[in-house]
1. Note down the magnitude of the dipole of the protein assembly as shown about its Cα centre, charges +1 on Lys and Arg C-beta and -1 on Asp and Glu C-beta and zero elsewhere, to the nearest 20 debye.
2. Please list the helices of chain A that count as membrane-span-like by this rule: a mean Kyte-Doolittle hydropathy of at least -0.5 together with Cα atoms stretching 24 Å or more along the helix axis, each helix being a complete DSSP H run.
3. Can you tell me the relative contact order of chain B? Whole percent, Cα pairs under 8 Å, sequence separation 6 or more.
4. Note the direction-averaged projected area, equal to a quarter of the hull surface, for the Cα convex hull of chain A, in nm².
5. In degrees between 0 and 90, to the nearest 10, how far off the longest principal axis of chain B does helix B:81-91 point, with axes built from Cα atoms?
6. Nearest 20 debye, what's the magnitude of the dipole of segment A:2-116 about its Cα centre given +1 on Lys and Arg Cβ and -1 on Asp and Glu Cβ?
7. Along the three principal axes, how long is the protein assembly as shown when you take its alpha carbons, biggest first, rounded to the nearest angstrom?
8. From the mean inverse distance of alpha carbon pairs (Kirkwood) and the Cα radius of gyration, derive Rg over Rh for chain B.
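Read the figures in this text as sums done on the coordinates, not as results from a lab. Small disclaimer: the values here were computed from a predicted structure and weren't measured. Neighbour counts run over all protein chains shown; Cβ positions are idealised from the backbone, glycine included.
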Amino acid sequence: MRRTLQLAAIGTAAGAFSGLFGVGGGTIIVPLLVFWLAFGEREATGTSMAAIILIAAYAVILQATYGNVDPAEAALVGVPAIGGAVAGTALQQRLPERAISLLFAVLLVVIAVELIIP
Amino acid sequence: MNEVLTVLLGFAGGTVGGLLGVGGGILFVPALAIFQDQSQVQAAATSLLAIVPVAAVAAWRQHGYGNVRLRDGLLIGALSPLGVAAGVVVANAVSQRVLELSFAALALAIAARLTVRALRPSPDGQPQTPPS
């Protein structure tokens, strides 16, 4: 029960950040799974991806009601990104988990800098 | 030219997404905002649509590698709508600058914790494996 509540809390937090920043929530889900539920980095990132399918789908439906979604431009980034996702997951299997943690930290710093620069 | 850069950033976003378990919005949003002249809110919303197939393909690949706890992932996703709704309402109501700076601070704090964790020596000198 406690674990289910933790997963629910992670889902709610990830959903909120998804709606706020247009990211799927993985930046929140992965660290929470690692620090809170003791997932390995690979498991955390893989499990995060499954969650993001649903989270992004909900968020895009809500954003569409505000008229903010442009399907043609989504395809312009999304179609090449599918190839990238296959390459990225394959690459991850060859990296030690510590390296994944460090790369994730770099990603977060980049996100922070991008947000701070107006 | 802008289309080419958008496509390249799309591929890079998918790669980072697959590698680190995020959707790729980190690169999709600036690609759409800078090279397709979308507003920040439009770019974020459009990015979400691109993230759906990326997450599906990455989850499918990771499942093949044995790295997906499917029940946990689907539970997190299924229980997220309240958070999503709250986030979208807030995004349309609160100062964008306040949101940006708050999330930046949170991201830096998590990055520091992850770095400390990754660099912490384990007793036998081997990379530490978390308890499962």
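1. Its charge dipole is roughly 780 debye.
2. A:2-21, A:41-65, A:71-92, A:97-116
3. Relative contact order here is 15 percent.
4. Seen from a random direction, the Cα hull of chain A projects 8.5 nm² on average.
5. Helix B:81-91 sits at roughly 50 degrees to that axis.
6. In debye, rounded to 20, segment A:2-116 gives about 400.
7. Answer, in whole Å and largest first: 53, 39, 33 Å.
8. Here Rg/Rh amounts to 1.02.
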